[in-house]
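Okay, structure first, notes after.
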Amino acid sequence: MLQPEPVRVAVALGSNLENPADQVHRAFTALAALADTALVACSPLYRSKAIGPDGQPVEQPDFCNAAALLDTRLSPHDLLNALQAAELAQGRVRQTRGSARSLDLDLLVYGDLIQTDAGLTVPHPRMTARNFVMFPLRDIAADMTIPGLGRVRDLAAMLDSAGLRPWQD
């Protein structure tokens, strides 16, 4: 189902397998090609240590992280399905939560929507605690308001930059 007007959304991108920077760049291209969607901005790439579901470091390759802004007419669930299809097209295999992956695309913000259901929670429930999400998002959308939480700039300012640095091959 298409929305009557485009909705501004934010997506987090991450990869720590199979040439992570290339995976993220290919994902930017895939996002730009989504039907009824326009790619508005892409952040610089960042390097971060892998963390597990408990927030503790795990023994995996470093992640390449970024963020993207889109204007879409896709419904939240249709957009989520398109993001998951893009992950699969780039070799994503869903194993255990927190496992290494070729590509991870997380829908962070969908306009001013606050929603939790069986398949989707927006805003993303853990985004504001993750510097590898908030710093790239701040680069491209510092004044964006995360519904119910505040401005990206202010939320990112509360995070430490430890373990996060510009991506360099």
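Along the axis of the charge dipole computed for segment 11-169 (Cβ charges of +1 for Lys and Arg, -1 for Asp and Glu, origin at the Cα centre), the listed residues Ala67, Leu103, Ser48 are led at the positive end by Ser48.
Largest GNM mean-square fluctuation among Asp143, Asp117, Asp36, using the chain with Cα springs under 10 Å: Asp117. Only one residue of Thr29, Phe132, Leu83 has its Cα farthest out toward the positive end of the dipole of the chain, where Lys and Arg carry +1 and Asp and Glu -1 on Cβ, and that residue is Phe132. Rounded to the nearest 20, the Cβ-based charge dipole of the chain about its Cα centre (Lys and Arg +1, Asp and Glu -1) stands at 220 debye. Put simply, when 104-112, 75-83, 87-95 are sorted by average Cβ atoms within 10 angstrom per residue, most first, you get 104-112, 75-83, 87-95. The listed residues Met144, Met127, once ranked by accessible area (1.4 Å probe) with the largest placed first, stand as Met144, Met127.
With the biggest extent put first, the Cα atoms of segment 15-114 measure 39, 29, 23 Å across the principal axes. Across segment 101-169, Cα-Cα pairs farther apart than 17 Å form 45% of the total.
Under the criterion of Cα pairs below 8 Å and six or more residues apart, the relative contact order for the chain equals 29 percent. Based on every Cα atom in segment 92-133, Rg and the maximum pairwise Cα distance Dmax equal 11.8, 31 Å. For the chain, the mean residue ellipticity at 222 nm estimated from helices alone is -8000 deg cm²/dmol, where every DSSP H run of n ≥ 4 contributes -39500 (n - 2.57) and the total is divided by all residues, rounded to the nearest 500. With the biggest extent put first, the Cα atoms of segment 20-72 measure 38, 22, 16 Å across the principal axes. Specify the inter-centroid distance of segment 6-60 and segment 97-169, based on alpha-carbon positions, in whole Å. Centre-to-centre distance over Cα atoms comes out at 11 Å.
Between Gln168 and Gln84, the modelled label-to-label distance comes to 3.9 nm, taking each label 7 Å out from Cα in the direction of the beta carbon.
The values are calculated or read from the model by the stated rules, or taken from the named source; none is laboratory data. The structure presented is a predicted model; accordingly, all values stated were derived computationally and were not measured. Cβ coordinates were reconstructed from backbone atoms using ideal geometry, including for glycine residues, and neighbour counts include every protein chain displayed. Areas reflect the complete protein model, heavy atoms only, side chains present, ligands, DNA and RNA absent. Shrake-Rupley method; radii C 1.70, N 1.55, O 1.52, S 1.80 Å.
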